[in-house]
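Since every read-out is calculated from the coordinates, none of them should be taken as a lab result. Please read these numbers as outputs of a predicted model, since none were measured by experiment. Ideal geometry is used to build each Cβ from the backbone, glycine not excepted, and the neighbour counts take in all protein chains shown.
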Amino acid sequence: WVIMVTAQTPTNIAVIKYWGKRDEKLILPVNDSISVTLDPVHLCTTTTVAVSPSFAQDRMWLNGKEISLSGGRYQNCLREIRARACDVEDKERGIKISKKDWEKLHVHIASYNNFPTAAGLASSAAGFACLVFALAKLMNAKEDNSELSAIARQGSGSACRSLFGGFVKWKMGKVEDGSDSLAVQVVDEKHWDDLVIIIAVVSSRQKETSSTTGMRETVETSLLLQHRAKEIVPKRIIQMEEAIKNRDFASFAHLTCADSNQFHAVCLDTCPPIFYMNDTSHRIISCVEKWNRSVGTPQVAYTFDAGPNAVLIAHNRKAAAQLLQKLLFYFPPNSDTELNSYVLGDKSI
Ligand code: DP6
């Protein structure tokens, strides 16, 4: 027999960035972060997990290609969920798995991303969140989504925020074992549903410096990061939560853009410096800044993760339509810029 569970998890985009770990093994961050989870249709991971007494070992396929599960991150997630597994019974098929059977049984995992892996579009976020959620369902673990988020965090930090929809805060926590470093929902997906997210895919190539390596070097060498984590982010988190709760787009846009720019400044302050954005990214920033200033009130916020792709958050559908018109005029797909496509991260306009 085989028992299978399939789950689908969208990626999330940080508006107050996580960058830097205080504990690399447990993946504990140096500051809180806040993100928005995309609609579950675009940019998501679909993962099927299966268990059968005929499986001789744990195995995993990512986008159809087998990958090694020997890395600590996968092992941590598997171990943590197995430790919480409960009895599972399929009466119709006469299958019974007891709590202690899970230690001997092996799982097969098949995961698909509908967007480019490692192009700065946070595929690991959706990936580990989906894996942990699917395994928890398969093994009948009773933990709530916040508790599961602390497990997904051990796969990839940003993954803990994808266990919820809407706006989500990852609380850095204080205790050494990391048990209080988990995600909580700030507001659900209905709270601010006129926002429209457009992702300008500037490059779908694999990034040169992975987030994990990049943040390690930043922690080791950047003084600006220490200032950011201690003095800047705690205040921004409070202001951002206020802006989100009040649907105050002007404050939201100001904080989002400022935090993205400071994150990239911290990357530049790293030795050797890390460049995630390119000329096209910089031109997109100038275009949005100029437009926002000419209108008087911000229409669009931009944010860039560990890659050159722009995540643009428009105030509403009208602003999104105008933005798309501008982008298509200044950055026509397949022109001499690298910009090659636009993905609607949220509702269609
Ligand atoms: C720039 O979560 O990919 O997207 O914890 O080492 O797996 P690891 O890093 P990861 O880093 C994401 C960094 C970011 C900002 C963010 O999502 O908050």
When region 279-325 is reduced to its Cα atoms, the Kirkwood hydrodynamic radius in Å: 10.9
Least to most buried among C130, C86, C44 (fewest other Cβ within 10 Å first): C86, C44, C130
Potential lengthening between N278 and D194 on full extension [0.36 nm per residue; Cα-Cα distance subtracted]: 27.3 nm
Crossing angle, helix 317-330 versus the chain [Cα axis fit, 0-90 degrees, rounded to tens]: 70
Helix 279-295 vs. the chain, principal-axis angle (Cα, 0 to 90°, nearest 10): 60
Neighbour-count ranking [beta-carbon atoms within 10 angstrom, fewest first] of E241, E289: E289, E241
Residue order, fewest to most surrounding Cβ atoms within 10 angstrom, among D23, D305, D144: D144, D23, D305
Two-site label geometry, S54 and R216: point separation in nm, points 7 Å out along Cα→Cβ: 4.1
W61 long-range amide H proximity, modeled H, under 5 Å: I67, I109, A110, S111
Degrees separating the helix 249-268 axis from the principal Cα axis of the chain, which is the longest one: 80
Helix-only [θ]222 nm of the chain, DSSP H runs n ≥ 4, -39500 (n - 2.57) each, per residue, nearest 500: -10500 deg cm²/dmol
Candidates T45, T37, T209, ranked by Gaussian network fluctuation over the chain, Cα under 10 Å, top entry: T209
